[in-house]
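Novice: Got a structure for you, written out below as structure tokens; questions coming shortly.
The values are calculated or read from the model by the stated rules, or taken from the named source; none is laboratory data. Everything numeric in this text was worked out from a predicted model, so none of it was measured. Neighbour counts are summed over all protein chains in view; Cβ atoms, including those assigned to glycine, are modelled from backbone coordinates with ideal geometry. Just so you know, the surface numbers come from the protein's heavy atoms only, side chains and all, with ligands and any DNA or RNA stripped out. Shrake-Rupley method; radii C 1.70, N 1.55, O 1.52, S 1.80 Å.
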Amino acid sequence: MLLIYMIIMPPDIKAAEETAVPDNAKITAETVTYEGNKATAKGNAEITHKGTVIKADQIVYDYANRSILANGNVEVTQKNSKLYADQGFYNLESEAAELYNAHGYTSDIEQENKKIDGKLYFWGESIKKDSKSIIINKGIFTTCDCPKPQLHYHIYCDTAEIIPNDKIIARRSKLKLKQKTILNYNRMELSLKKGRQQQELFPKIGTNSNDGWYIKKGFVFDLMGSTAKGTLDWYQKTGFGGGLDYPYSFDDGKGWGRLTWYNLTPSANALVREDLTNNLSVQTIGKKEFFNHTHYNFTKNFYGGFSLGSYDYTYPKTGSSSWSNDSFYFGQSDRNQVYHYSQATTDYNTYSYNTKKFDYAHRLGDNWLIRTGGYYSGYAGNSPSNNSVWRYYSNMEYSNNYLDAVLAYKRTTNDSIYYLDRIPEISLSTKQLSLFNVPVKAAVSAGKYLENPTGLNMSRGSMYLGIEPSSYQLGDSGTFNIAGGVKQTFCDDGSGQYIISGETGFYQKVTNFAAVKANYFYQRPYGYSPFIDDFTPTYNNLAAGVEFFNGDKWKFSLVGGYDYHFDSKMSMIGVLEMKPSEKFNWTLGANYNIDSHNIPNVTSQLSWDLGNKIKLEHWALYDTLNNRFTYQDIGLSKETHDFFGKLIYRSQQKEIWLQFYLKAFPEAPVYINPSPERSIARPRGF
């Protein structure tokens, strides 16, 4: 649809005098004649203007009306798009356009940030455009490149309204496979805008042990000038559910908000119980959720808003749980000053929880900034009142290209809750500092601190000098990494703490089929600091391993290590990755516990292209100690010229997923493992 927008709305062309052509435009033809305010080009007529080329048997340019009329074998080309029509008209001044018996294609369309695979083809009895939208009557859309009578699928609509870079609204639509109608839509909406809710063309079908079989269908519709998304859900064991997600705006965009609602009504057999590790788990069978947030910009810099929410969950034979919350806020923001106030209350059955917060910031020139504010939180009702607390803070901050400095003050009113107050503290830290091309960082801090409920009240200071994480090449086939630092803390009771930490590692290919790698991590505090925030863990461990490989056909890696602090051996991890062909990948991994001399678990991840665009995937984790699969997922997918379908079975969770969508309007894919980017069997750092 981007094609239509760009080719029928060329850049503005100033009216020329008498027989001159438009500015920056070029008209060529076998013959060009002039009569009054019109120039008529005949025979292989062509007009070119800033990348757009219009060809026709005849092109008439009317200087008085600033319009173009193209007749016979009209062809319009721009970038990767092309449009054909019997006749086309365009008015440069009003931006109105009409094309008749039109068809074409474009590859400049994206859906959900994914470029359509191939081209989008379309037909229409007529295409009419004004300055805001494009209307196609009796339209057909498809990504199938077969001849029109043999299309694998197409979407037919009585009318389609295209709002460029926003959305397509097709009314009285039919999705057809071959010539058979599969689904009818009174209104179909397809987003052309990043982040917009996309209509689901097909329902989601699946099953799991809690809900049984289920069918979920989402749909979009217009609601008071905005686009809403509704859902209808049916669960075999749980019941019926329905919901609404409604982002809205008003007063020419000064106000905006979002309303969400969902209600799940349990069926008669909704009681579902599972025995998990000898603990009886009872499923939620009723659900009512409502939330609305509204924001309004009163002026360019002053704003405010509020939110309301209520939640009610029903459990079989155990009653229900419900609560509600409300909040409001207001503030002002400009280049040099910002303030924001918010207040929220959450009401439970017997008590409520309240929070209040105020923040203020003021910029003094390009380098100085003042921040101040306060925060309150506390319970009311039957809950103990001594949990209420006020916190106040004030900061003076300075920053330039080389230094950050902060003078911080913070106080808390309740000495029964843990906190560390600064009364005050000054800190300075460097940035963009290097020594012999090694990036380093230095920092110092000093101040008076109050810690409760321990009752500590004393001065404390610290100094830090360290090397920022750095990587260096070791010849053509290796890398070396290093980072670390030292920190000294002083307290006025005479205590002090010295911390040294560092890490280093390297990777080096030793032959064309082998490589070695090692990483060393060290951190140790010396001395003592009475403040809890100064607690520093100690670690001292080495991890090292080897890799053997044959190009990308196979790779075996083995890594192990030793914890010197606890004087213990780390488990060894072995991974074998096999790729005998582009269609087959299999990864096997196992952990070996050196102390107990056993293998706690084994992992497997397989991807196999069976041909004809059928793909088999398998992912499993086997617990050898309990002799059972913790996970075992199988996926079978089929890709055709225009469609993608996937069936997933998760045996341990007793779940089945069925996904089916048009490639032109892709949905987020369902994966069979937690991390499709990386095998969980791979050792960290390899």
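Novice: For residue 364, what accessible surface area do you get with a 1.4 Å probe? Give it in Å², rounded to 10.
Specialist: 80
Novice: Accessible area, 1.4 Å probe, largest first: how do 153, 392, 121 sort?
Specialist: Per-residue accessible area, sorted high to low, gives 392, 121, 153.
Novice: Quote the Stokes-Einstein diffusion coefficient, in whole µm² s⁻¹, for the stretch 293-451, based on the Kirkwood radius over alpha carbon pairs, a temperature of 37 °C and a viscosity of 0.692 mPa s. Walk me through the numbers before you get to the answer.
Specialist: Details: Rh = 19.3 Å.
The diffusion coefficient I find is 170 µm²/s.
Novice: Continuing with the same structure: Could you give the length gained by full extension between residue 520 and residue 338, i.e. 0.36 nm per residue of separation minus their alpha carbon distance, to one decimal place?
Specialist: Net length gain for the segment: 60.9 nm.
Novice: Please work out how much accessible surface residue 578 shows to a 1.4 Å probe, ignoring ligands, DNA and RNA, in Å² rounded to 10.
Specialist: 50
Novice: How do 40, 181 stack up against each other in accessible area, from largest to smallest, with a 1.4 angstrom probe?
Specialist: 181, 40
Novice: Rounded to two decimal places and with Rh computed the Kirkwood way over Cα pairs, what is Rg over Rh for the stretch 504-618?
Specialist: 1.15
Novice: Stretched out fully, how many nm does the piece from residue 182 to residue 597 gain, at 0.36 nm a residue minus the Cα gap?
Specialist: Result: 143.5 nm gained on full extension.
Novice: Please find the FRET efficiency linking residue 48 to residue 641, where r is the Cβ-Cβ separation and R0 is fixed at 35 Å, and quote it to the nearest 0.05.
Specialist: According to the calculation, E is roughly 0.50.
Novice: So, one more: Between residue 79 and residue 291, what FRET efficiency follows from the Cβ-Cβ distance if R0 is 56 Å, with the result rounded to 0.05?
Specialist: With R0 = 56 Å, the Cβ-Cβ based efficiency is 0.80.
Novice: What FRET efficiency do you get for residue 479 and residue 126 if R0 is 60 Å and r is their Cβ-Cβ distance, rounded to the nearest 0.05?
Specialist: Efficiency computed from Cβ-Cβ geometry: 0.45.
Novice: Report the full-extension gain for the segment residue 28 to residue 616: residue separation times 0.36 nm, less the Cα-Cα distance, to one decimal in nm.
Specialist: 206.0 nm is the gain from fully extending residue 28 to residue 616.
Novice: Same structure again: Kindly report the accessible area of the stretch 388-541 per residue (heavy atoms of protein chains, probe 1.4 Å, no ligands, DNA or RNA), in Å².
Specialist: 56
Novice: Heavy-atom accessible area of residue 176 with all protein chains present, probe 1.4 Å, nearest 10 Å²?
Specialist: 40
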